[in-house]
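A quick write-up on the structure given underneath.
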Amino acid sequence: MTQLTGPYIAPIVLLILSNVFMTFAWYGHLKFGTKPLAVVVMISWAIAFFEYWLAVPANRIGHQVYSAAELKTMQEVITLVVFAGFSVLYLGEKLTLNHAVGFGFIALGAWFVFRGPL
């Protein structure tokens, strides 16, 4: 097995890709505020379908070497990074010092999860 498809790296790559899909499914419609809610829900659901085809294998492969708590922590950190980029690049929003501090606390929490027992 190559390193990119191995159980340590593949889940990270798959979770990044799944988060791109999910971020567009959940927040992409915000640029189209005049579209009917039923339409954007159906489009979002269709996008999320593909997200599941990435997230579920990511967790199954990753559980060979990571605990469920580690996988969930990875997911949340990846979600924040993807969302921060999406928010700035796609939605045109600004990130503030408050966001950085909040993300920093989440990163600190992730460090504790991966650090192991105290």
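The values are calculated or read from the model by the stated rules, or taken from the named source; none is laboratory data. Values in this document were obtained by computation on a predicted structure and should not be read as measured data. All Cβ positions, even for glycine, are placed from backbone atoms using ideal geometry, and neighbour counts span all protein chains on display.
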**OP:** Starting from residues that are more than 17 Å from the chain's Cα centre (by Cα), in contact (Cβ under 8 Å) with a residue 12 or more places away in the chain and surrounded by 14 or more Cβ atoms within 10 Å (Cβ to Cβ), keep the ones in the range 20-64 and report whichever is farthest from Gly92 (Cα to Cα).
**Re:** Ile43
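Can you tell me which residue is farthest from Val81 (Cα to Cα) among those in the range 4-51 that are hydroxyl-bearing (Ser, Thr, Tyr) and out of contact with any helix residue (DSSP H, G or I) (no Cβ under 7 Å at 6 or more places or on another chain)?
Initially, the range 4-51 is screened for residues hydroxyl-bearing (Ser, Thr, Tyr), giving 5, 8, 18, 23, 27, 34, 44.
Now restrict to residues that are out of contact with any helix residue (DSSP H, G or I) (no Cβ under 7 Å at 6 or more places or on another chain): 5, 8, 34.
Details: Thr5: 22, Tyr8: 19, Thr34: 28 Å.
Checking each candidate, the answer is Thr34.
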Subject >> Some residue of the range 67-87 being at pLDDT below 95, surrounded by fewer than 12 Cβ atoms within 10 Å (Cβ to Cβ) and small (Gly, Ala, Ser) >> reply: yes
Subject >> Residues that are within 16 Å of Leu17 (Cβ to Cβ) and among the hydroxyl-bearing types (Ser, Thr, Tyr), drawn from the range 54-89 >> reply: Thr79
